[in-house]
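Here is the structure we will look at, set down as structure tokens.
The values are calculated or read from the model by the stated rules, or taken from the named source; none is laboratory data. It should be emphasised that the depicted structure is a prediction, and the values quoted were computed from it without experimental measurement. Cβ placement follows ideal geometry from the backbone for every residue including glycine, while neighbour counts extend to all protein chains displayed. Areas reflect the complete protein model, heavy atoms only, side chains present, ligands, DNA and RNA absent. Shrake-Rupley method; radii C 1.70, N 1.55, O 1.52, S 1.80 Å.
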Amino acid sequence: MTHTMNQTDFGQTATDQLRNRLAAAGQEHTLQFWDQLEPGERAQLTAQLESIDVNRLNCQDEGSELDLDEATLTAPDQIKWSADSSEDESLVKLGEQMMSRGELGVLIAAGGQGTRLGLSQPKGCLPIGPVTGASLFQILIEKVVAASREFDCEIPVVMLCSPATHRETIEYLDAENWFGLPESCRHTLCQKTLPAVDRKTGRLLMESPSSLCLSPNGHGGHLSELVDCGLLEKLTDAGVTTLFYCQVDNPMAPLCEPGVIGEHLRNEAELTVLVTPRTSPEEKVGTVICVDGVPQVIEYTIIPEELAARRDAEGRLEFRAANTGIHLFDTAFLQREANHFSSLPLHQANKKVPHIDEQGATVIPDEPNAIKFERFIFDVFPRSRKTLVLEIDPLTGFAPVKNADGANSPSEVQGQILQANRAWLASRGLRVDEGVPVETVPMLTSFTDPEIRLGRRVA
């Protein structure tokens, strides 16, 4: 008698195959509540489990942390860029012409939530303008809009979100009409997730009977998503040759500054990394270092103390190129390396992760109990054939909002914005009385007039 496999048989066979695969990896506990789940819950859990490589999470990922003991470490060659009227006009012209041809796109990493800052919205919604109250989103997008109007071009913006911020980011930007950005230039991209595992056992942690404990897969995950959804190809087909990348928490990022773009083009770089000088050996910041001649970002957690403190003949820190998270990527470079994005190293971080136990009861840990995994965008840097390290002035180009109080707090960043604006006005002979707040407005930027290139309407 011939047996015809019905839908129930097929479903059971697929479940058995999944169960066998999980058992082989020591992760069969993830299906312990299977019989209690509704069909939709089973589908959700199955999709989560099938999307991950459980074997890869069971071991220390090769290459996730560099072994610096045998490597030759040298400081990278750097070019210093200053955003003032004395900069090389030929560089400015290169950047202006490139934008006028419609060859620039912008990536803004906006996956962070504002909870640490007391904000119930995505971090990009934080009002940071010291006079206008403009949000981080508004300040950065208006820089793009100002450039597109000045150079009569379209500059697409890709807002790189996380699952926690994607919907709210779209709702916020749509309500604000994307601050004047044309509809054809509006894009959002949501990164995928990776599961957390127990620090001691390596077992996948469960958030509920039907869901793993998941978290965003890091800013490196945006690269594979950019390829997988076809957006990189779409941008390239539209003529975009360079993508300007920055973090949403840095309102002073020099987005669309022609001089920066001009340096990237003049040096025929596939990748440009913007850095600022490290201020002390103890500074908790990734540093651009040449490892066996190849520039890459080394996390502060693995730089030996002796190297971090080493100084050159002029008394400066030898390894002083602090990564700002501002980069320029050639789209041809990203397309060439696209096949490598999904296999970037998985970096591990010890975190406190609430979860359920084997009885389904919620466990709230008092100390780090789990390992989370992330991919970092800078792990693609060593694959660049030509990397430019460009030093910018932190006063005018780098002011990230990280903490509610103290260093890198909103109040400190607002103070830096005011200081930079006052310095700009003073350099042009305009005195502002002490204590008078001044803010510049990106929408009224003049990129082409050297006398007021960085000047905006003063608020």
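Tabulated results
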| quantity | calculated |
| --- | --- |
| Accessible area (Å², per residue) of the chain, counting only protein heavy atoms and a probe of 1.4 Å | 47 Å² |
| Set K200/K351; K351/K402; K143/K234; K80/K402 screened for pairs whose C-alpha atoms are more than 20 Å apart | K143/K234; K80/K402 |
| Low-density loop positions, GluC sites (Glu not before Pro), region 173-232 - DSSP coil, at most 16 other Cβ in 10 Å | E176 |
| For the chain, size of Cβ-based charge dipole, Lys and Arg +1, Asp and Glu -1, in debye | 440 debye |
| Helical contribution to [θ] at 222 nm, DSSP H n ≥ 4, -39,500 (n - 2.57), averaged over the chain, rounded to 500 | -8000 deg cm²/dmol |
| Whichever aspartates and glutamates have a C-alpha closer than 18 Å to that of K386, once near sequence neighbours (fewer than 8 apart) are set aside | D77, E263, E268, E270, D292, D330, E337 |
| Region 349-367 versus region 153-185: alpha-carbon centroid distance in Å | 35 Å |
| Total charge dipole magnitude, region 164-304, about the Cα centre, Cβ charges on Lys, Arg, Asp, Glu only, Debye to nearest 20 | 480 debye |
| Region 251-268 and region 218-247: distance between their alpha carbon centers, rounded to Å | 18 Å |
| Reciprocal mean inverse distance between Cα atoms of region 245-309 - Kirkwood radius, Å | 14.0 Å |
| Proximal aspartates and glutamates to K192, defined as alpha-carbon separation beneath 12 angstrom and excluding residues fewer than eight positions away on the same chain | E225, D228, E374 |
| Distant alpha-carbon pairs in the chain (separation over 34 angstrom), percent | 39 percent |
| Alpha-carbon radius of gyration plus Dmax, which is the widest Cα pair, for region 168-223 in Å | 17.1, 51 |
| Top positive-direction residue, dipole computed over region 176-242 with Cβ charges, set L212, P182, C229 | L212 |
| Per-q log10 I(q)/I(0), region 103-242, q = 0.13, 0.20 Å⁻¹ (Debye; single scatterer per alpha-carbon; no solvent) | -0.65, -1.24 |
| With at most 10 other Cβ atoms within 10 Å, longest stretch of the chain clear of loop trypsin sites (Lys or Arg not before Pro) (DSSP) | 1-199 |
| Whichever aspartates and glutamates have a C-alpha closer than 18 Å to that of K123, once near sequence neighbours (fewer than 8 apart) are set aside | E142, E168, E171, D174, E176, D249, D405, E412 |
